[in-house]
Structure formats: structure tokens, C-alpha cells
Amino acid sequence: MNIVQIEQVSKRFGQTQAVRDVSLHVAAGEIFGLLGPNGAGKTTTIRMMLDILRPDSGRIAVFGGPMSEAKKDRIGYLPEERGLYSDQKLLDVILYLASLKGMGRRVAKERAEAYLRRLDLWQHRDKKLSMLSRGMHQKAQFIVTVLHEPELLIVDEPFSGLDPVNTRLIRQMLLDFKAAGKAIIMSTHQMHQVEAMCDRIALVNKGEVVLDGPVMAVRRRFAGNTVLVNGHGPFEQIPLMAQAQLTNNGWRLTLPDGVSPQMLLRQIATHEGLAVEQFTLVMPGLEEIFVKVVGADEATTPSTNGDAPHA
């Protein structure tokens, strides 16, 4: 079931075309990566999804139809910017915002204590938010986002300001939410987190979706004709290769145009003196793909929209 369905949505601010014909969908039980450079239109798309902004054209359905006040209580949104009341005490802010989501005080206090203890903030519950470190503030915002157990989570740079221990903790919590059937939209510039966590992605640039699909399918799409082979023997003597390089991880074999990895594997199987322990197609990481796609677009497509406000 698709929790979010966006079809050919566009949004303009004056002369700035912030979003142009964007289509995407997010299903229950998946983490969807909404990626793109600064000013690409990601935040504008999220704000239209949340009915903070209205699209100029196109259709957005959340939980099967238009946004409503009742549906907003089923959503948790973690913005990139800090948005909590800095002059108020941590626990008081959490309980107040929980009440705005319709939570009763007893349940809210029980869940707040559980999350504060899990994220090592319980001892800071009576401190004003202005007294908390950046990482503590980020964890507090995360608690506010998930306390009411939303069915749809939208998290913008969820690991900002976190040390490795807390990054791992928040990542595991997001994966637990996914396993529980929640739909999660994650916007981040940390491509290694996207590779580790996301099922599918959409890469937005200049207000348009320029790349989308399952993470592994996207990486395979950009894989070149290079394989990594672990084994024994004179791999550099195989006739089909354009280049052979011995690395710490094994032989990195580059194939010429017209030669597939399958053809190379058959050649290795018939070559005397070669023993293969592992044969892997080398796939680029999402960061490399991001730079390649966005960089190519910047080089070949004149900008007609400028930077989208707050995108």
C-alpha cells in the first residue's frame, strides 16, 4: 500500500520554478531516500506533501487521499532546522508537543521517559533546551517526532550533530520503525546511510526527478565494466582484459567495450592455472553516482529556476 503518492506536482515562487512535474510514491514498511543538492526542491516537495504549501499543479495523496488535520496526527516530521522552544525545559516541551498530537498526558509521560532514557537524556529532562548541546537537541527533536507513534515519518538530516554512538542508535530505531510497517522518507546528504538503510531513492535536481528506483538497481545501472576477482594465478594474462590491477582487495579487472563480465568468467574457467575464490561486479557508491548525475546536469543544462526558497 502506498502511504504517499505524488503525481506530476509542480510549484513556482515568482520566477523560480522550485518543483517541476515531480512524481514519486512511498509504501508502508520502506525507507525512501529523497536526495538532491541544496536548492533542488526537496523541502518544497515535503512541505507540499504536508499541506504547508499548495502545489500549482499535480496531485498529492497521503493515506489514500488529500491531507486533513486528522491525518497530520499520523505523521511525524523532523525538519533539518531546530524548531523547539529553547527557553523551555526539555520534558515540558516534549509533553506539550505530544498534547498537540492528541496524546493523553499519562501515556505521553510514559513514552517520553522511555525515549529519554534510551537516548541518554533523562538526566537532562529539567534543563532548558538552550542548555543542551547540538547532539542532545537533535535527539530531543527526534523524540518529539516519534513519540505519538506516527505511521509516516519524514526525517530531514536525522543524523545531524550526532556522534557515532547516537548515529547508530537513531539508525537502528528508524530500521525498527520500518520493520513495524512504518513508511519513512529520509532526506540526507550522507550517502553511506542511504546505501545502508534505504530501499528506494529519488534524486532531485533543479526541481526535477533525475534518477529514481531501488538502491541496488540504481547502482547496477551505473556499474562499469570492472570486476573484482579474488583467487590465484596470472589474471593479468587473460586475453579479454583492457587492464588488470592487483589491489589489497584482489585483482581489479577492467573489460573493453563489448566484453561482459559473464564472458570474462567463462574465459577464466577455461584458463589453466587460475583459481577463483570470489568474482564481483564493481558497483559505484551513491555518492559517486550523485556527483556524476548532478555534475553532468549542471554542466549540460542551463539553470532556469535558480535556488528554490528553503529547498
task: List the relative contact order of the chain as a percent without decimals, with contacts defined as Cα pairs under 8 Å and 6+ residues apart.
output: 24 percent
field: residue 8-residue 257 FRET efficiency (beta carbon distance; Förster radius 45 Å; 0.05 resolution)
entry: 0.75
- prompt: lysines within cross-link reach of residue 127: Cα-Cα under 25 Å, excluding same-chain residues under 8 positions apart?
  reply: 89, 101, 109, 139
message: For a Förster distance of 35 Å, can you work out the FRET efficiency between the beta-carbons of residue 131 and residue 38, rounded to the nearest 0.05?
response: 0.70
- line: Ranked on Cβ counts within 10 Å of their own Cβ, fewest leading, 96, 115 go 96, 115
query: If the chain were replaced by its equivalent ellipsoid, with semi-axes equal to the square roots of 5 times the Cα gyration tensor eigenvalues, what would those be, largest first, whole Å?
result: 43, 25, 17
statement: Quarter of the surface of the C-alpha convex hull for the range 184-270, i.e. direction-averaged projected area in nm², equals 8.0 nm²
- prompt: By how many nm would the segment from residue 105 to residue 28 grow when fully extended, if each residue of separation counts as 0.36 nm and the alpha-carbon distance is taken off?
  reply: 24.9 nm
Label-point separation in nm, residue 1 to residue 248, each point 7 Å along Cα→Cβ: 4.9 nm
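Report the gain in length on full extension from residue 113 to residue 165: 0.36 nm times residue separation, minus Cα-Cα distance, nm rounded to one decimal.
Details: separation 52, 0.36 × 52 = 18.72 nm, distance 2.00 nm.
Once the chain is fully extended between residue 113 and residue 165, it gains 16.7 nm.
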query: From the square roots a ≥ b ≥ c of the eigenvalues of the alpha-carbon gyration tensor of the range 1-46, which class results: rounded (a/c under 1.5), prolate (a/b over b/c), or oblate?
result: oblate
task: Could you give log10 I(q)/I(0) at q = 0.12, 0.24 Å⁻¹ for the range 51-150, computed by the Debye formula over C-alpha point scatterers of equal weight, without solvent?
output: -0.44, -1.27
task: Positive end of the charge dipole of the chain (Lys, Arg +1 and Asp, Glu -1 on Cβ, about the Cα centre): tell me which of 173, 83, 153 has its Cα farthest that way.
output: 83
field: Per DSSP, loop chymotrypsin sites (Phe, Trp or Tyr not before Pro) in the range 183-290 with at most 16 further Cβ within 10 Å
entry: 222
statement: The convex hull of the Cα atoms of the range 239-294, divided by residue count, gives a volume in Å³ per residue of 115 Å³
- prompt: To one decimal place, what Kirkwood hydrodynamic radius in Å is obtained for the range 26-72 from all pairs of distinct Cα atoms?
  reply: 12.1 Å
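Just to verify a number: FRET efficiency for residue 68 and residue 265, C-beta to C-beta distance, R0 = 45 Å, to 0.05?
E between residue 68 and residue 265, to the nearest 0.05, is 0.20.
The numbers here are math on the coordinates, done by the rules we state, and not lab data. All values derive from a computational prediction rather than experimental measurement. Ideal geometry is used to build each Cβ from the backbone, glycine not excepted, and the neighbour counts take in all protein chains shown.
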